[in-house]
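Here is the structure we will look at, set down as structure tokens.
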């Protein structure tokens, strides 16, 4: 056991072939691409098997002394170790492939592996190996970014929830003795919000009525009544530029008035309108009074006619 | 290990022999040389020591009292050279040819009845080839897989 610990300390999490004479040969598997290449070469018989075995041995065996003394080793040491390397570098047949795949499926069930797949989906530039090399804090930040991106794009319908995950924590979570106070949002100050709203830049609000002059906003019967509406609008607004129309009709040069002049004229018109309204209201009251007097007179006559004679 | 392989006797180094059997501790190479002295052309103690220096390990095995062989396990360089020779051969090389090449390359001495056995007994060469290969750490793939430990 101590020897295994020593080997682990020396070479890390690798494989070791323990030969019958007690010799330990540490090695790492071939990358998938190289495995496939060597598998083809072994099968083709293009090169003597021993040559290819020596190549694989030199690539994968981690003890440099053994590699440098490869010619002094017993012939079977290299062949046995390379056989194990090939066995553990990839599937030799379909049955072995299925077996490896099933084993990997169990591994892939771990939530962290799912998260790595999630980040790779959100940021395809990342390779899984890049993420496996990250520290936990950076990795979790990338997961959060990936989650937000996938939510925004609609790939994720809701944020990640791990509460119903099958994976249980490996260590029991120690509950704090006092509950941690979660920050509550401050109450909304409506008066302040209203003031802030008022201090905002003024906005121009254009209602449908304001843009009635544009044909595109006409709907339904307005399209049919377009001519009548336009005529009415011209009639209603004619008094505002009546003087201009008179100048044009008389053939004289149109004199554009200043805003102040137009404002003074508008005030005059306003006063004229007010006096006209007052006069109209007085006339209306007078007419109403006369009508009432007339009605009262008629009622008096009717009573006189209907009064019975005393015997 | 096959029954044939069990009959294989490794000529032990002096230190190991001294710990294991004090009664034969005088000199293992001398013991083997004495045992083989009855055969004409048998290796002397010095010859055995020289072979041990050259090949690391030397084995003595036999299929009968008089059919005796001394041989060394095949080394990697020798095995690679042998494969290169086979691959470059103009004629087709069978498994039996390959076995013969290995045995011829590794046998250091054979008694006269032993040499005759190669011709007269069909299995002698193959059995000796198996002994050589198994003592050169060639093994069954299932056994090789069992020897692997993941740290």
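The values are calculated or read from the model by the stated rules, or taken from the named source; none is laboratory data. Values in this document were obtained by computation on a predicted structure and should not be read as measured data. Every residue, glycine among them, receives a Cβ derived from its backbone with ideal geometry; neighbour counts consider all protein chains shown.
Residue check: is residue B:84 modelled with pLDDT of 90 or more, part of a helix (DSSP H, G or I), over 15 Å from the mean Cα position of the chain (by Cα) and within 21 Å of residue A:21 (Cα to Cα)? So residue B:84 does not fit the description; no.
Suppose we filter A:78, A:119 for residues that are buried (at least 17 other Cβ atoms within 10 Å of the Cβ), free of Cβ contacts under 8 Å to residues at least 40 places away in the same chain and within 14 Å of chain B (Cβ to nearest Cβ); which single one remains?
Going through A:78, A:119 in turn, just one is buried (at least 17 other Cβ atoms within 10 Å of the Cβ), free of Cβ contacts under 8 Å to residues at least 40 places away in the same chain and within 14 Å of chain B (Cβ to nearest Cβ): A:78.
Give the residues of region B:61-85 that are surrounded by 17 or more Cβ atoms within 10 Å (Cβ to Cβ) and over 24 Å from residue A:67 (Cα atoms), sorted by residue number. Selection gives B:61, B:62, B:63, B:67, B:68, B:69, B:70, B:71.
Every test in (1) part of a loop (DSSP other than H, G, I, E, B); (2) more than 8 Å from chain B (Cβ to nearest Cβ) is passed by residue A:95 save one, and that test is (1). For region A:93-116, a residue qualifies if it is surrounded by fewer than 14 Cβ atoms within 10 Å (Cβ to Cβ) and touching a helix residue (DSSP H, G or I) at 6+ places or on another chain (Cβ under 8 Å), and the qualifying residues are A:107, A:108. Flag set for residue A:11, criterion: within 12 Å of another protein chain (Cβ to nearest Cβ) and in contact with a strand residue (DSSP E or B) (Cβ under 8 Å, 6 or more places away or on another chain). In summary, residue B:139 fulfils each of the numbered conditions (1) within 14 Å of chain A (Cβ to nearest Cβ); (2) under 30 Å from residue A:46 (Cα atoms); (3) at pLDDT below 95; (4) not in a loop (DSSP other than H, G, I, E, B) with the single exception of condition (4).
Criterion applied to A:51, A:57 was being touching a strand residue (DSSP E or B) at 6+ places or on another chain (Cβ under 9 Å), modelled with pLDDT of 90 or more and within 11 Å of chain B (Cβ to nearest Cβ), and the one residue passing it is A:57. When residue B:39 is tested against the conditions (1) touching a strand residue (DSSP E or B) at 6+ places or on another chain (Cβ under 9 Å); (2) more than 12 Å from chain A (Cβ to nearest Cβ); (3) more than 28 Å from residue B:27 (Cβ to Cβ); (4) surrounded by fewer than 17 Cβ atoms within 10 Å (Cβ to Cβ), the lone failure is (3). Considering only residues of region A:14-37 that are facing chain B (nearest Cβ under 8 Å) and outside any strand (DSSP E or B), which is nearest to the chain's Cα centre (by Cα)? My answer is A:14.
Looking at region B:92-136, which of the residues that are assigned to a loop (DSSP other than H, G, I, E, B) and within 14 Å of chain A (Cβ to nearest Cβ) is surrounded by the fewest Cβ atoms within 10 Å (Cβ to Cβ)?
First, the residues of region B:92-136 that are assigned to a loop (DSSP other than H, G, I, E, B): B:92-94, B:111, B:121, B:135-136.
Applying the additional criterion that residues be within 14 Å of chain A (Cβ to nearest Cβ) yields B:92-93, B:135-136.
Working: B:92: 7, B:93: 15, B:135: 24, B:136: 25.
So the residue we want is B:92.
Regarding region B:55-69, can at least one residue be identified that is more than 14 Å from chain A (Cβ to nearest Cβ), touching a helix residue (DSSP H, G or I) at 6+ places or on another chain (Cβ under 8 Å), in contact (Cβ under 8 Å) with a residue 60 or more places away in the chain and not in a strand (DSSP E or B)? Looking through region B:55-69, at least one residue is more than 14 Å from chain A (Cβ to nearest Cβ), touching a helix residue (DSSP H, G or I) at 6+ places or on another chain (Cβ under 8 Å), in contact (Cβ under 8 Å) with a residue 60 or more places away in the chain and not in a strand (DSSP E or B). In the set (1) within 30 Å of residue A:10 (Cβ to Cβ); (2) buried (at least 17 other Cβ atoms within 10 Å of the Cβ), the condition left unmet by residue B:143 is number (2).
Residue B:52 falls short on exactly one of the conditions (1) touching a helix residue (DSSP H, G or I) at 6+ places or on another chain (Cβ under 6 Å); (2) closer than 25 Å to residue A:71 by Cα; (3) more than 14 Å from every other protein chain (Cβ to nearest Cβ), and that condition is (1). Do the conditions hold for residue A:94, that is, is it in the same structural domain as residue A:17 (by TED's automatic domain parsing) and either modelled with pLDDT under 80 or under 12 Å from residue A:142 (Cα atoms) (or both)? Against the criterion (in the same structural domain as residue A:17 (by TED's automatic domain parsing) and either modelled with pLDDT under 80 or under 12 Å from residue A:142 (Cα atoms) (or both)), residue A:94 qualifies. Looking only at region A:60-75, filter to residues that are part of a helix (DSSP H, G or I) and crowded, with 21+ Cβ neighbours inside 10 Å; which one of those is farthest from the other protein chains (Cβ to nearest Cβ)? Ranking the qualifying residues of region A:60-75, first place goes to A:60.
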